[in-house]
1. Please report how far the C-alpha centroid of region B:280-324 lies from that of region B:42-66, rounded to the nearest whole angstrom.
2. Given the Cα atoms of chain B, and with Rh set as the inverse mean 1/r over their pairs in the Kirkwood sense, what is Rg to Rh to two decimals?
3. Read phi for every residue in region B:206-223 and hand back ³J(HN,Hα) as whole Hz from Karplus 6.51 cos²θ - 1.76 cosθ + 1.60, θ = phi - 60°, with x for Gly and Pro.
4. Checking the cross-link filter: which aspartates and glutamates have an alpha carbon closer than 18 Å to that of residue B:215, excluding same-chain neighbours under 8 positions apart?
5. For region A:81-109 and region A:176-197, what is the centre-to-centre distance using only Cα atoms, to the nearest Å?
6. Straight-line reach from residue A:30: which lysines fall under 20 Å, measuring Cα to Cα and dropping same-chain residues less than 8 apart?
7. Using only the Cα atoms of region A:178-265, build the gyration tensor, take square roots of its eigenvalues as a ≥ b ≥ c, and label the shape rounded, prolate or oblate: rounded if a/c is under 1.5, else prolate if a/b is larger than b/c, else oblate.
8. At a Cα cut-off below 18 Å, give the lysines reachable from residue A:102, other chains included and same-chain residues fewer than 8 away excluded.
Amino acid sequence: MKPTVRSLPGVLVLSMSITGLLACAPFERKDPETSVTKQALPAQIPVVSKLEFVQSPNGGRLIPKGDTTVVQPKMQMAVLDEILEDSPIVQAAGRHPHVREKLGGRYFFIDAEPAKSKDQFCPVSLLRTSAQAATPSSMIRVTYYSYSHSLPVIVCMNAQEFVSLPAIPKDYQPPESDREEAEAIRVAQLDARIQDKVKGLKAHVILTDPEWRLWWWNREGHGHRVFYVTFSQPGSGDPEYYAVVDLTDEIDTANVLQAGAEPKR
Amino acid sequence: MRSVLIACCLFCAMVMGTPAFAEPRSGTITWEKWTFDWEVYGNQSLALSDVTFDRELILSKASLPVIKVKYEREWPWYHPYSWFGIGRSTGRCGPFQDRIAWRHLEPVPGCGDKVCTRSYTVDGVKWLEVGAYARIGEYHLYHAWYLSELGEIRPVLQSRGLSCQTTHQHHPYWRLDFGIAGEGRDQVFVYTDGAPNEGWGPGWHKYTNEVNAVKDPPKHRSWFVRDSQNGHGVWVLPGDGYPPLMNDGEPQSGFSTRDVSVRRYHEEEDTGWLFGARGDLGYLNGEGVQEEVTTFWYTAHLPHHAAMGPAAWLAVGPVLKVQR
């Protein structure tokens, strides 16, 4: 078809659409191959050994189907100590005014660990810029969750000295902590819907991520740090009752978003 | 790596005073032709590092930063309650992002320790098992590495238990930092039946940049990471499945959409899982991966049908095979 003035709008729309589609396509960069000698690759996919599993005698897990030998590998083990909430480092982090402001009134300690030299949040290079004593082993990453601001808070500490409050990626949620789990269980057990039914059952907690819902009364914790608490016979992995718990509120009864009997399969 | 950690923790012990408790959370193992360190650190489950086979490095680190879990909708798409966010369209519980830390570990049944090492002989081949047993919510998780005397590594996740009585999938994300031969000049290739010969042999294609990929079992798609100089390498083969499962499962639309991701190694990206329960792996910047230390992510997809109940153990994981 010969282009005419009348077909011009159509051509423009088409070219704009193609440009738009290309712009929206996932970006995938592809460099040319480097000029290395092309050594031949294996001609065939290798045959692999047979490894099958059977239930262990006590049902506790699957084990390889074969003979267990008593030969133990040569092992050396090292003891690593946990940095607890009452340690001087964590106490010092919690007292710093910048940290207190970031945490607000309601927060939980999650964990504290020595940071690796190129830790994304607390790299050792921070120490060099702040002219603090820089030994590779001295940076500690202390993690909290601020329920006042619904945000994780990471504090970089050089021993008991505050170093920085790094920015946190938008979707990052630190793993559940012991204290949060204990609190979520305590609150769930107080809920009138299940209070009498969960006595004698073992409670378990897992961090969840409620979806966004249209109606405000149905927004069951979206954007908050929410725990799914289940009650089951010990070791069964078979929940009988559940509760969805949001620890944001100071008032216990306001924190159980849902609770009830787990529907049967 | 382990010595750095030990130094860190000795320092911590000094500034903290009395240690909270003292259990071995890391160690070194020498078995047959294998030598490696293990550790439980940084919410990445049981990790192996400085893994050598026959005195040559094959993995600088191998870990399991996350197991994402997605439950099926409680309401089907045609039910009005699932429309426009009116109701619980994707289920009452989850999604979850399970990150195994020391605090989740319990003594391994039949073993006693929190990190269990056992040797087995299967069809005349010796295997070493190094595993950790974790409880997260209602889940019983056993994450183990099986190493054979013939140069195979099987990362395996076993799982049982239900958080809700609904069908769901576990998506373990294994992170494998290569650096084969310790030289930082990895090449990553993908093999697919029938793919044209680009100079590397029929079916082979060399990855030049960071990429996400999926399995293609009918075409035997598999991956090979090797040192560009000595040609020594490691195959990454999708798992054939441990019965009753038949394979490593299929990606789940909108939640865990790939099987393999190749990235250029950056130490600062080894900081656990930062992408939330709903997010998928990032770090896709188009960086070149030719003759660099590469990080290879392998994601399996373990389906757990609610009708199977909470007691049945299911297991998935790929096969890594040393090629010399």
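Taken together, the values in this text are just the output of simple stated rules run on the coordinates, not laboratory data. Since the structure is predicted, the reported quantities are computational estimates derived from the model, not experimental observations. Every residue, glycine as well, gets a Cβ built from its backbone with ideal geometry; the counts of neighbours run over all protein chains shown.
1. Going from one Cα centre to the other spans 14 Å.
2. Rg/Rh: 0.97.
3. Per residue, the Karplus-derived 3J(HN,Hα) values read 9, 6, 9, 9, 4, 7, 10, 8, 10, 6, 8, x, x, 9, 6, 5, 8, 10 Hz.
4. The qualifying aspartates and glutamates are B:193, B:240, B:248, B:250, B:259, B:280.
5. Comparing the Cα centres of region A:81-109 and region A:176-197, I get a distance of 24 Å.
6. A:38, B:206
7. Prolate, since a/c reaches 1.5 and a/b exceeds b/c.
8. List returned: A:170.
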